[in-house]
Amino acid sequence: MADIGRLEMTATAVLPLHTLTETGYMRLFVTVVLLAQLRNYYLLFCYHSSSCSTHGIYSNRTPTEEPLQESFSHSTTFKGRMEHTKLTDLIRQVSNKLNESFDNIDSMNQWKTQMFNFINEIAELKLTLSSSLVTKKNTSLDPVDWSSARCVTYNLLDSLLNFIQSVRDRPVWQPIPADVRITLESQLLPEQSQSLSDVCQYIFRYILPYSLGNTHPRFWGWVMGEGTLGGVLADMITATTNSNTGGRTQSFVLIERTVIKWMRQIFGFPEGNTSGLIVTGTSMATVISLATARQRVLSNVRKDGLMNEPRLVAYASTEVHICVPKALELLGLGSNALRRISVDENFSINIDELKTRIRVDQDNGLIPFCIIGSAGMSDRDLRKEIFIQILKK
């Protein structure tokens, strides 16, 4: 514990409590987190040491102690000693870093990032040491060491929040440097696992800075979702529960039903015979919607397919999204089954032309099965009232 004691003395000298400023509190917070990780490491190291008796390096266990595994190999013991040597070097670097001063917010943030990198390295050392204590029977997917995993997770979340908060300080998009592109494209199939901390650092170095930029307020290239704090938290909850809403009694099924009810109320659909599904996006929703319409006209299509069935045709305005013809292709109807109707000066579908086209197709033995309304387009500013007007007509 001598190394921790030396670090505590350094922290006390740097952080006189009666003169703490905002930067001082930042130093104090980082130091407390650091010391907590170090103490956990040393407890684990001592427990590891007391559990090892290889070559008489560590003291034997008492008769009442249950072995954590059948035996420790000499390589495992040597590995623990090597990790402890790395920790000593880290403490020396941390002690020097604690004495550094900073003059502005940028230097303070840089100092904080470097300190948390040290904390991550210590957490990874502890995780490595913990892995040697896992029995052969342990097949859990849980982290070997929850406290280290929490540290890495907290730091990742903090970095992601900073990424969102500081989005206006970055350019909307920046080109991928040649060396970064080579790194990303030349990755070999991984045969060994990597630490969670290493994976996170890789993402922040090579991936996040060179994303599309659609989370930026000045991104106007395409219509895409924003990256928001609410979205981050929602994805965390979704990933934590990893729920399958295909059925069974569970809260997420009830939430899905409630959201569908809200959609019905927004568009004024009848309550008795209106339902729906929540899917991954508009493209998949279009496939399901057109499949439903096809099933209504060709009741045996799910069993018999489209063989010997009459040709179906659908109608949409010339402003229709590309996902519609793609959905028709996937359903075996072909993109030529889509009739594109012109629009007026308000980009509303021409109703008279639509009626005429339907009549001509019916006279030619075709079966109209679907009219597709567009409630706004990616390059137009249309309101939902247009979509409701189309439905009423």
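The values are calculated or read from the model by the stated rules, or taken from the named source; none is laboratory data. Here the structure is a predicted model, which means the values were calculated and not measured. Cβ sites come from the backbone with ideal geometry, for glycine too, and all protein chains shown count toward neighbours.
The table below lists the values:
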| quantity | calculated |
| --- | --- |
| Residue list for the stretch 138-190, restricted to those being farther than 30 Å from Ile105 by Cα, assigned to a loop (DSSP other than H, G, I, E, B) and free of Cβ contacts under 8 Å to residues at least 60 places away in the same chain | Asn138, Thr139, Ser140, Leu141, Asp142, Pro143, Val144, Ser186, Gln187, Leu188, Leu189, Pro190 |
| Close pairs from the stretch 264-281: first outside any loop (DSSP other than H, G, I, E, B), partner charged (D, E, K, R) and at pLDDT below 90, Cβ under 7 Å, at least 6 apart | Arg264/Glu271 |
| Subset of the stretch 221-235 [surrounded by 11 or more Cβ atoms within 10 Å (Cβ to Cβ), in a helix (DSSP H, G or I) and of a type outside the set (Gly, Ala, Ser)] | Leu229, Val232, Leu233 |
| Options Val313, Val324, Val320: the member that is part of a loop (DSSP other than H, G, I, E, B) and within 26 Å of Asn346 (Cα to Cα) | Val320 |
| All positions within the stretch 332-375 that are in a helix (DSSP H, G or I), buried (at least 17 other Cβ atoms within 10 Å of the Cβ) and among the aliphatic types (A, V, I, L, M) | Ala337, Leu354, Ile358 |
| Unmet criterion (only one of (1) within 33 Å of the chain's Cα centre (by Cα); (2) touching a residue at least 12 places away in the same chain (Cβ under 8 Å); (3) assigned to a helix (DSSP H, G or I); (4) closer than 25 Å to Val360 by Cβ) for Glu329 | (2) |
